[in-house]
Amino acid sequence: MANSNIESKVEQLLLPIIQDLQYELYDVQYIKEGKDYYLRITIDQPNGISLEDCETVNRVIDDVLEEADIIKTSYFLEVSSPGIERILRKPWHFEKQIGNKIVVKLFKAIDKQKELEGILVTYQKDELSLQIEEKLIKIENKNIAVAKLAGDF
């Protein structure tokens, strides 16, 4: 089963459970690092996420995942907050950040740059636009390697 298929099934299974616990299911990632597999569940809420929040969600979903048996190989379950420099992977992640500063790493350079930082102005299915100083730059979504919220400290 492809990773995206596993992520989708896990998300469908956990979404109502995590919402019942008063959290937002921000993301689900199932990835292999070295020889180990990781199921990363990212949760959020308006007041931020504490270690206790992660432990609460982990306890509740661990048994649910075991019973559902979606993932046949052994894996490590991690529950965390998206953090200040949260990764933007889904359309709603981008839509929620319109008007905020983001960092976009590109597969192919635009104006000789592979990393751009600017205010996210628009997001559509095929492209987004960033305001970088006086310039509006359009970026095809397929050219985005990684996008994240800019952590201005």
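The values are calculated or read from the model by the stated rules, or taken from the named source; none is laboratory data. Only a predicted model underlies this, so the values are computations on that prediction, with no experimental measurement involved. Every residue, glycine as well, gets a Cβ built from its backbone with ideal geometry; the counts of neighbours run over all protein chains shown. The accessibility values were calculated without ligands, DNA or RNA, using every heavy atom of the protein model including side chains. Shrake-Rupley method; radii C 1.70, N 1.55, O 1.52, S 1.80 Å.
So the values come out like this:
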read-out: Checking Glu117 against (1) part of a strand (DSSP E or B); (2) under 17 Å from Leu14 (Cα atoms); (3) of a type in the set (Asp, Glu), the condition it does not meet; value: (2)
read-out: Candidate set: region 39-57, residues that are open to solvent by 30 Å² or more (accessible area, probe 1.4 Å) and of a type in the set (A, V, I, L, M); chosen: the one farthest from Arg89 (Cα to Cα); value: Leu51
read-out: Subset of region 97-108 [open to solvent by 40 Å² or more (accessible area, probe 1.4 Å), in a strand (DSSP E or B) and either at pLDDT below 95 or under 19 Å from Ile84 (Cβ atoms) (or both)]; value: Lys101, Lys105
read-out: Looking only at region 12-38, and only at residues there that are of a type in the set (S, T, N, Q) and within 17 Å of Ser81 (Cβ to Cβ), the one that is surrounded by the most Cβ atoms within 10 Å (Cβ to Cβ); value: Gln29
read-out: Residue within region 123-134 that is open to solvent by 80 Å² or more (accessible area, probe 1.4 Å) and more than 27 Å from Leu15 (Cα to Cα) present; value: yes
read-out: Qualifying residue in region 58-67 (condition: without any contact (Cβ under 8 Å) to a residue 60 or more places away in the chain and crowded, with 17+ Cβ neighbours inside 10 Å); value: yes
read-out: Selected residue (only one of Gln45, Gln22 is on the phi > 0 side of the Ramachandran plot and either in contact with a helix residue (DSSP H, G or I) (Cβ under 8 Å, 6 or more places away or on another chain) or among the polar types (S, T, N, Q) (or both)); value: Gln22
read-out: Residues of region 129-153 satisfying the condition of being touching a residue at least 12 places away in the same chain (Cβ under 8 Å), out of contact with any Phe, Trp or Tyr (no Cβ under 6 Å at 6 or more places or on another chain) and part of a strand (DSSP E or B); value: Leu130, Gln131, Ile132, Leu136, Ile137, Ile139, Glu140, Ile144, Val146, Ala147, Lys148, Leu149
